[in-house]
Amino acid sequence: MGYREVGNNYYSLGELGRANEYYTKAFQLREHASERERLLITADYNSSVTGDLEKAAQTYQEQIENYHETGAYADLGIVYYAQGQYEKAAAITRQAARLSPDNVGIYENLANYNLALQRFDETRQTIRDSQARKMDDFAFHNTLYALAFLSADSAAMAEQQQWFADKPAYEHFGLTLASDTEAYAGHVGKARELTQRAIDSAIRADSKETGAIWQANAALEQAAYGSGREARQTAAEALKLAPISPGAQTEAALAFAIAGDTARAESLARDLGKRFPLDTQMQSLWLPAIQAQLAMDRKNPAVALIALQAASPIELGAVPFGNNLSCLYHVYARGEAYLAAGQGSAAAAEFQKILGHSGIVWNCWTGALAHLGVARANALQSRTSRGADADAARVRALAAYKDFLTLWKDADPDIPILKQAKAEYAGLQ
């Protein structure tokens with residue numbers, strides 16, 4: 001149970017590689033534990049190491065039915081969270097809070113579930129109530145930063161940045177939040193500097209794996225913005241920092257695919273598929289997104305759309321590493337695939353899905369580029385429609401382009417995707 005607890009601590013920090021080492025050790029020693037403890041150890045092993053969310057949920061449910069285990073309620077909520085079932089996650093976690101009213105982790109989870117459901121006032125109240133009872137942790141400040149970003153409250157964002165800056169162990173979380181915010185606005189130079197500071201801070205805090213994830217996340221943003229060479233270099237550096245980290249590997253693989261390095265992306269995808277054959281998110285979210293991008297590299301959007309069908313049942317599920325809940329990469333990839341396939345209406349719906357789930361996406365670059373995606377989807381509809389429908393689509397496209405260009409009004413001018421967007425907008429007027 002000691003190994004399990006250390007695994008839980010690393011998991012809460014997003015260091016899945018180190019967490020899995022401890023969960024695996026606990027699983028290997030489970031015969032020395034009681035039946036009640038064995039169920040918890042086995043459920044955690046299924047949830048994090050093999051990643052089989054259905055099996056983990058069944059085991060936590062068994063724990064609840066047989067032992068009324070408080071922790072199992074909260075852990076089952078985390079499984080629902082990973083499956084994108086936020087209503088169920090919130091309901092079971094409220095039960096956990098009644099059974100264990102002094103457990104700060106339960107309230108941190110509940111705040112994020114409400115955030116994912118766009119219940120921003122409830123999220124804020126959950127945190128206020130907890131802090132009034134002297135319960136606080138870095139995860140609350142991540143969420144408070146997200147709330148400040150979503151309400152464009154720069155003073156509140158600065159307040160949370162100061163909290164992180166005063167805590168050396170957690171400083172890197174604040175720095176990467178700031179980096180993502182700068183990248184969201186197209187300030188890639190500032191974002192690059194903040195990411196490097198976040199990586200350095202993570203290494204000082206003995207969180208090398210987390211630093212690698214911050215670096216791989218930056219590679220994804222660089223690739224999406226059109227800086228392929230820089231993205232490939234950044235992704236390679238992330239893998240050097242934590243070569244077997246599931247989080248760093250998956251993000252690096254997708255970055256390589258977007259940046260056109262199909263050989264590296266395919267190699268990493270094969271390795272991930274072999275290492276995590278039962279992992280629900282790996283098999284249903286990450287690998288389909290990587291495979292879809294590889295198909296797009298080969299100018300085959302139909303194959304990309306087929307690959308992404310696997311993601312649909314859990315597409316809103318939270319990812320267990322990173323600051324936000326999910327960037328919804330697979331949703332963004334599906335929108336891009338529909339665009340390439342000439343299906344403007346379907347593409348717009350996917351990009352709109354990202355914009356409609358800001359409580360999940362937060363300040364990820366997909367939220368910024370979704371505005372451009374909506375613009376391009378409507379511009380496509382204006383070209384493929386006739387009469388009043390074409391006119392209406394053109395008006396929607398112009399409005400969406402204006403939204404994106406307003407968001408990036410003071411962005412670094414040499415970003416390739418910004419240059420493309422300006423040219424497209426000029427051509428539509």
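A few remarks follow.
- Any hit, the range 275-293, residues being farther than 24 Å from N109 by Cα, within 18 Å of the chain's Cα centre (by Cα) and surrounded by fewer than 20 Cβ atoms within 10 Å (Cβ to Cβ): yes
- Any hit, the range 31-40, residues being open to solvent by less than 30 Å² (accessible area, probe 1.4 Å), closer than 24 Å to E108 by Cα and under 20 Å from the mean Cα position of the chain (by Cα): no
- Positions within the range 366-381 being under 29 Å from N114 (Cβ atoms), open to solvent by 10 Å² or more (accessible area, probe 1.4 Å) and of a type outside the set (V, I, T), in sequence order: H371
- Residue selected from the range 382-416 under the condition outside any loop (DSSP other than H, G, I, E, B) and among the β-branched types (V, I, T), by the criterion least open to solvent (accessible area, probe 1.4 Å): T406
- Of the helices (runs of 4 or more DSSP H) lying entirely inside the range 86-182, those containing at least 2 residues that are of a type in the set (D, E, K, R) and surrounded by fewer than 22 Cβ atoms within 10 Å (Cβ to Cβ) span 86-99, 120-132.
- Test: E237 is under 22 Å from S179 (Cβ atoms), without any contact (Cβ under 8 Å) to a residue 12 or more places away in the chain, open to solvent by 20 Å² or more (accessible area, probe 1.4 Å) and of a type outside the set (A, V, I, L, M): no
- Qualifying residue in the range 383-396 (condition: touching a residue at least 60 places away in the same chain (Cβ under 8 Å) and touching a helix residue (DSSP H, G or I) at 6+ places or on another chain (Cβ under 8 Å)): no
- Every pair of residues 6+ apart whose Cβ atoms lie under 6 Å, when the first sits in the range 86-103 and is touching a residue at least 12 places away in the same chain (Cβ under 8 Å) while the second is not in a helix (DSSP H, G or I): Y86/L117
- Within the range 178-187, the presence of at least one residue that is over 20 Å from G17 (Cα atoms), at pLDDT 95 or above and of a type in the set (D, E, K, R) is confirmed.
- Checking A311, A337, A346, A304 one by one, the residue that is open to solvent by 20 Å² or more (accessible area, probe 1.4 Å) and either in a helix (DSSP H, G or I) or touching a strand residue (DSSP E or B) at 6+ places or on another chain (Cβ under 9 Å) (or both) is A346 and no other.
- Residues of the range 349-365 satisfying the condition of being in a helix (DSSP H, G or I) and touching a residue at least 60 places away in the same chain (Cβ under 8 Å): S358, G359, I360, W365
The values are calculated or read from the model by the stated rules, or taken from the named source; none is laboratory data. Fair warning: this is a prediction, and the values are worked out from it, not measured in the lab. As a convention, Cβ positions derive from the backbone with ideal geometry for all residues, glycine included, and neighbour counts pool all protein chains shown. Accessible surface areas use protein heavy atoms only, side chains included; no ligands, DNA or RNA. Shrake-Rupley method; radii C 1.70, N 1.55, O 1.52, S 1.80 Å.
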